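Input: a single structure, listed below in structure tokens.
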Amino acid sequence: MREVGLLVATRKGAWIYRSDAARQEWHADGPHFLGHIIHHLVLDPRDRRTLLAAAKTGHLGPTIFRSTDFGKSWSEALRPPAFPKAAEGQAGRTVDHTFWLTPGHSSEPGVWYAGTSPQALFRSEDGGATWEGVTGFNDNPAYVGKLGGTQDGTPDGPKLHSLLVDPRDAGHLYLGMSGGGVHESTDGGENWAPLIDGMEVVAGFDAGQWAFHDPHCVALCPSNPDRLYQQNHCGIYRIDRPSDQWRRIGRAMPAEVGDIGFPIVVHPRDDRTAWVFPMDGTDVWPRTSPGGKPAAYVTRDAGDSWQRQDTGLPPQDAWWTVYRQAMASDTCDPVGLYVGTSSGGLWTSADEGEHWSVLAEHLPPIYAVETANLD
Amino acid sequence: MKVLIPSALQSYTGAAQVEAAGDSLFELIGALDARFPGIRFRMVDEQDRLRRHMRCFVNGAQVHDLGRPLAADDEVAIIQALSGG
């Protein structure tokens, strides 16, 4: 029987849930790292045993914990992501936390990428044991100086996120930055170029400057790696490469809901299907479910139209916040969806969002939810 | 010398107090890292600055300069700041 894993990273530790393909009964394993801030917990799909967890605590510096037995035992990275020591008299950068982890291409076992705050890109070639900065990005004259510090941008610091590897080409990479923009490399990270045309920015800023863009989450369609979806501070977008123009498909969302949110999730086999979980983006940017009525929205036609999916979710008085890493899909048929809230609720749908049920309540604030094929 | 280890770092040392040597706090922390790999980066960042919510005391007095010389009979306490919560 096929087994599905659900990897939940929270403000106070991590949990691992397992279920068979029916996804009706889940078995919890946790907490792991109780009290640690876990920004991301990811399984290596190439061996289906190696887990990496991006961790820090309120007092201690950032690190990466590794498990090669799916969480039975953990060890710490020998050299976590860190900037080089600055020359005497120069201000050096320091990693506040690792925010995002992405396994590398299937042809490169052991390769992982990490995105940090302040925004920087790191790479490991030994399964996450040691990490080096990607100098083509971190020290690129076009980028360095515009990447922000720990207190710029997002309340918890600007994030380098959405590290995407083209499944057809190990050297073709995308990344997103909360401050800002989407960027692409076609040579394994040695050179990068902004990919921001068509994306809007907050009124008063120049959309021609990448630093003013705020993609919240970018997803690449496994069934069509030329198609990417994006949930941005300023709407929902789609791009079909080789075009370099993003198109705001969120304009088809209901006006009273809007097209602001953090996560975006794509269907594993259908590049016309994607899900978002809208957040209130009015005036002071509350970033809570619009009207206190949580709902996913799905498009089945690549963004031409959107349908509300709220059956089983609280009908009212639920002021959820769902962070950019806290929504995920599995690869089952029908596709399972998973949503974690900042108020510690973990919700699942085993039928592509048509019906939702609660898997766990009262967890710490959920930062990230990832799925894992365990068969 | 005696080094007091805060609870958050005892997963590295396995003890609340360890014996270690060093002519300065830098050297002492380096010696701790050699014995307990990884402990240094949790309290000192890559620019050699003590992390924002960590504190070092030598013989009861707070020390901000990690280059401060140490004597063999000094007592060092590494603590987590009471930064709220």
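The single condition among (1) closer than 30 Å to A:Thr331 by Cα; (2) surrounded by fewer than 21 Cβ atoms within 10 Å (Cβ to Cβ) that A:Pro155 does not meet is (1). So, A:Val284, is that one touching a strand residue (DSSP E or B) at 6+ places or on another chain (Cβ under 9 Å) and either within 25 Å of A:Pro158 (Cα to Cα) or part of a loop (DSSP other than H, G, I, E, B) (or both) or not? Criteria not met by A:Val284.
Might you let me know whether the range A:169-189 holds any residue that is more than 15 Å from A:Asp244 (Cα to Cα), of a type in the set (Asp, Glu) and either touching a helix residue (DSSP H, G or I) at 6+ places or on another chain (Cβ under 6 Å) or surrounded by 18 or more Cβ atoms within 10 Å (Cβ to Cβ) (or both)? No, the range A:169-189 contains no residue that is more than 15 Å from A:Asp244 (Cα to Cα), of a type in the set (Asp, Glu) and either touching a helix residue (DSSP H, G or I) at 6+ places or on another chain (Cβ under 6 Å) or surrounded by 18 or more Cβ atoms within 10 Å (Cβ to Cβ) (or both).
Please indicate, with yes or no, whether at least one residue in the range A:348-364 is β-branched (Val, Ile, Thr), out of contact with any Phe, Trp or Tyr (no Cβ under 8 Å at 6 or more places or on another chain) and surrounded by fewer than 24 Cβ atoms within 10 Å (Cβ to Cβ).
Initially, the range A:348-364 is screened for residues β-branched (Val, Ile, Thr), giving A:348, A:358.
Filter again for out of contact with any Phe, Trp or Tyr (no Cβ under 8 Å at 6 or more places or on another chain), leaving none.
No; the residues of the range A:348-364 include none that is β-branched (Val, Ile, Thr), out of contact with any Phe, Trp or Tyr (no Cβ under 8 Å at 6 or more places or on another chain) and surrounded by fewer than 24 Cβ atoms within 10 Å (Cβ to Cβ).
Residues in the range A:50-90 that are over 22 Å from the mean Cα position of the chain (by Cα) and more than 8 Å from chain B (Cβ to nearest Cβ): A:Thr68, A:Asp69, A:Lys72, A:Ser73, A:Trp74, A:Ser75, A:Arg79, A:Ala87, A:Glu88, A:Gly89, A:Gln90.
Considering only the range B:49-85, state which residues are away from chain A (no Cβ under 11 Å) and among the polar types (S, T, N, Q).
B:Asn59, B:Gln62
Identification of strands (runs of 3 or more DSSP E) wholly contained in the range A:1-95 with 3 or more residues that are surrounded by fewer than 17 Cβ atoms within 10 Å (Cβ to Cβ) yields A:27-32.
Every test in (1) buried (at least 22 other Cβ atoms within 10 Å of the Cβ); (2) in contact with a helix residue (DSSP H, G or I) (Cβ under 8 Å, 6 or more places away or on another chain) is passed by A:Asp304 save one, and that test is (1).
Each row is one residue, and each column tells you yes or no for (1) over 18 Å from A:Ala274 (Cα atoms); (2) touching a strand residue (DSSP E or B) at 6+ places or on another chain (Cβ under 6 Å).
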| residue | (1), (2) |
| --- | --- |
| A:Met327 | no, yes |
| A:Trp347 | no, yes |
| A:Glu352 | no, no |
| A:Val358 | yes, yes |
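Here's the yes/no breakdown for (1) over 24 Å from A:Asn224 (Cα atoms); (2) touching a helix residue (DSSP H, G or I) at 6+ places or on another chain (Cβ under 7 Å); (3) surrounded by fewer than 18 Cβ atoms within 10 Å (Cβ to Cβ):
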position: A:Pro254; (1), (2), (3): yes, no, yes
position: A:Phe262; (1), (2), (3): no, no, no
position: A:Val266; (1), (2), (3): no, no, no
position: A:Pro278; (1), (2), (3): yes, yes, no
position: A:Val284; (1), (2), (3): yes, no, yes
position: A:Ser289; (1), (2), (3): yes, no, no
position: A:Val298; (1), (2), (3): no, no, no
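Is one or more of the residues making up the range A:110-124 at pLDDT 95 or above and among the charged types (D, E, K, R)? So far as the range A:110-124 goes, yes, one or more of its residues are at pLDDT 95 or above and among the charged types (D, E, K, R).
Figure legend. Inter-residue proximity from the range B:1-19: first residues under 16 Å from B:Gly38 (Cβ atoms) and within 14 Å of chain A (Cβ to nearest Cβ), second residues charged (D, E, K, R) and crowded, with 17+ Cβ neighbours inside 10 Å, beta-carbon distance below 8 Å, spacing 6+ or different chains. Indicated pairs: B:Ala8/B:Arg42; B:Leu9/B:Arg42; B:Tyr12/B:Arg42.
The values are calculated or read from the model by the stated rules, or taken from the named source; none is laboratory data. As the structure is a prediction and not an experimental result, all values here were calculated from the model. Don't worry about glycine lacking a Cβ; one is built from the backbone with ideal geometry, like all the others, and counts go over all protein chains shown.
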